[in-house]
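**Q** Take this structure, written in structure tokens, and hold onto it; I'll ask about it next.
The values are calculated or read from the model by the stated rules, or taken from the named source; none is laboratory data. Remember, it's a predicted structure, so these values are computed and weren't measured experimentally. Neighbour counts run over all protein chains shown; Cβ positions are idealised from the backbone, glycine included. With ligands, DNA and RNA removed, areas are computed over all heavy atoms of the protein, side chains included. Shrake-Rupley method; radii C 1.70, N 1.55, O 1.52, S 1.80 Å.
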Amino acid sequence: MATFVADPSVPRTPADQITAALADPGFGRYFVDHMAHALWTPEAGWHDHALVATGPIPLHPGLAALQYGQEIFEGLKAFRHPDGSVWLFRPEMNAARFARSAVRMQMPPLPIPDFLDSVTRLVELNLDWVPSAPEQSLYLRPFMFGSETLIGVRASNEYTYVCLGMPVMPFYPDPLKLWVTPNYARSMAGGTGGAKCGGNYGASMIAEHEAHAQGCGQVLWLDSATRSWVEESGTMNFLVVTADGELVTPALNGQILAGITRDSLLTIAAAHGLRGVERPLGFAELCSGIESGQITEALACGTAAVVSPVVGIKTPDLELVVGDGSPGVKTRELRAHLTGIQFGTEPDVHGWLRRVG
Ligand code: PLP
Ligand code: COI
């Protein structure tokens, strides 16, 4: 395993400036002092693993990722516990997904131990940046891109890995209404929907814009072939609670991102009297279930978003209110349980936390 070596000359942010930043961190407004950096070439493989000052890196504008979109990323968080200790949540799941995304995009996977070393050392070196205020955490953004100067179309022959760290609040502070766009699709059989590549997000911006114009916070994506199956939301997986005590989420079919929060909620569901079920979820079933009361709650989840109650679904022809239009009881319980584990106020019976400092 390669070790990310810290550059001792990285300038440190004075404590009072960190305190000021943590008073209102936003999401990506401030960055910690170090970033992880490594390079890949065919001759040397992954090399030059380092923790350097966060800031610009010299790149040629003809680089492969800018021309042809070979880029993947991850998102994970470190949490401060009441005793001051700092913990990463399920980082090996992100490391494994990062490697799977790399394979889909014809990129060289970063070895899992290297990924884990980068995030662990980045947090270790920047512990003062890990917030202690409720709901706040340190978000880590590992990403990799084709960095060869390349105008001819083929897979890049050089890659750059970077991991940035930033204090954050949850991404969606309010309950969400979701917009079912009739015009755009996120994913298709054989496409990149199951990979966390930047292009998926670039392609979804227009639908997100449409959602906002419709008074909705995000999109609820349906399958592109038949527009009859629910897939996921923008930046989040989608789940419903049924009157029969199930927590249902669309099964992973290669077109949906295998969310780590999704997996965690399915696992803790039993503690809340719910059976976690992964199966195809029809859009017609979703609408009729909301109307009949068979579906009592809807929610969306992700690392940045945490758990967002979904209180409404809107299409060009129909507007549905979920339950009584306020966050559901089970949604609130699941959110409190998950964040309790992350922030160290609920027991970590599944062994999901990795201590950093
Ligand atoms: N689906 C999409 C499209 C996402 O961008 C995310 C965020 O990472 C998720 C689902 C949730 O995944 P996770 O819980 O691993 O953050
Ligand atoms: C995450 O939850 O980590 C995401 O990637 C969502 C978003 C900020 C793109």
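**Q** For the chain, what is Rg from Cα atoms divided by 2.2 N^0.38 Å, rounded to two decimals?
**A** Working: Rg = 20.6 Å, N = 357, 2.2 N^0.38 = 20.5 Å.
Dividing the Cα radius of gyration by 2.2 N^0.38 Å gives 1.01.
**Q** Another question about this same structure. Where does each of SER288, SER233, SER9 land when they are ordered by accessible area, with a 1.4 Å probe and the largest first?
**A** SER9, SER288, SER233
**Q** If eta is 1.002 mPa s and T is 20 °C, what Stokes-Einstein diffusion coefficient results for the stretch 5-168, Kirkwood Rh from Cα pairs, in µm²/s?
**A** Values: Rh = 16.5 Å.
This corresponds to a translational diffusion coefficient of 130 µm²/s.
**Q** At a Cα cut-off below 18 Å, give the aspartates and glutamates reachable from LYS77, other chains included and same-chain residues fewer than 8 away excluded.
**A** ASP24, ASP33, GLU92, ASP114, ASP117, GLU124, ASP128, GLU135, ASP263, GLU346, ASP348
**Q** Take the Cβ-Cβ distance between SER292 and ALA23 as r, set R0 to 35 Å, and report the resulting FRET efficiency rounded to the nearest 0.05. List each step's numbers first, then the result.
**A** Working: r = 47 Å, r/R0 = 1.33.
Efficiency, rounded to the nearest 0.05: 0.15.
**Q** In addition: Specify the residue with the greatest mean-square fluctuation among GLY282, GLY273, GLY259, computed from a Gaussian network of the chain linking alpha-carbon atoms under 10 Å apart.
**A** Per the Cα network of the chain with a 10 Å cutoff, GLY273 tops the list.
**Q** Find how much the distance from ALA2 to HIS209 grows on full extension, using 0.36 nm per residue of separation minus their present alpha carbon separation; answer in nm with one decimal.
**A** Working: separation 207, 0.36 × 207 = 74.52 nm, distance 4.21 nm.
Difference between extended and current length: 70.3 nm.
**Q** Could you give the length gained by full extension between ALA15 and MET188, i.e. 0.36 nm per residue of separation minus their alpha carbon distance, to one decimal place? Before the final figure, lay out the partial values.
**A** Values: separation 173, 0.36 × 173 = 62.28 nm, distance 4.81 nm.
Between ALA15 and MET188, full extension yields 57.5 nm more.
**Q** A further question on this structure: At 1.4 Å probe size, put TYR159, TYR68 in order of accessible surface, largest to smallest.
**A** Details: TYR159 5, TYR68 100 Å².
Largest to smallest exposure gives the sequence TYR68, TYR159.
**Q** Give me the extension gain from HIS272 to ARG227: residue separation times 0.36 nm, minus the current Cα-Cα distance, reported in nm with one decimal. Don't skip to the answer; put the middle values down first.
**A** Working: separation 45, 0.36 × 45 = 16.20 nm, distance 3.20 nm.
Fully extending the segment from HIS272 to ARG227 adds 13.0 nm.
**Q** If you don't mind, there's one more thing I want to ask. Could you let me know the centre-to-centre spacing of the stretch 86-119 and the stretch 214-237, using Cα atoms, in angstrom?
**A** 26
**Q** Let me ask another. Rounded to two decimals, what is the ratio between the C-alpha radius of gyration of the stretch 176-343 and 2.2 N^0.38 Å?
**A** Rg over 2.2 N^0.38 Å, computed on Cα atoms: 0.95.
**Q** Right, something else. Mean residue ellipticity at 222 nm from the helices of the chain, using -39,500 (n - 2.57) per DSSP H segment of n ≥ 4 over the full residue count, to the nearest 500 deg cm²/dmol?
**A** Numbers: 8 runs with 91 residues, N = 357.
Rounded to the nearest 500, it is -8000 deg cm²/dmol.
**Q** I'd like the orientation of helix 112-125 relative to the chain: the angle between its Cα long axis and the longest Cα principal axis, in ° from 0 to 90, rounded to 10.
**A** Result, in degrees: 80.
**Q** I've got another one for you. Separation between the THR345 and ILE112 pseudo-spin-labels, each 7 Å from Cα along Cα→Cβ, expressed in nm?
**A** 3.3
**Q** Could you let me know the centre-to-centre spacing of the stretch 1-46 and the stretch 282-319, using Cα atoms, in angstrom?
**A** For the stretch 1-46 versus the stretch 282-319, the Cα centre distance is 38 Å.
**Q** Rounded, prolate or oblate: which one fits the stretch 157-224, using the alpha carbon gyration tensor with axes a ≥ b ≥ c (rounded when a/c is under 1.5, else prolate when a/b beats b/c, else oblate)? Spell out each step's value before the answer.
**A** Numbers: a/c = 2.60, a/b = 1.22, b/c = 2.14.
Note, shape of the stretch 157-224 comes out oblate.
**Q** Scan the stretch 13-111 for GluC sites (Glu not before Pro) in coil per DSSP, keeping those whose Cβ has at most 16 other Cβ atoms within 10 Å, and list them by number.
**A** Working: sites: GLU43, GLU71, GLU74, GLU92; in loops: GLU43, GLU74.
The qualifying sites are GLU43.
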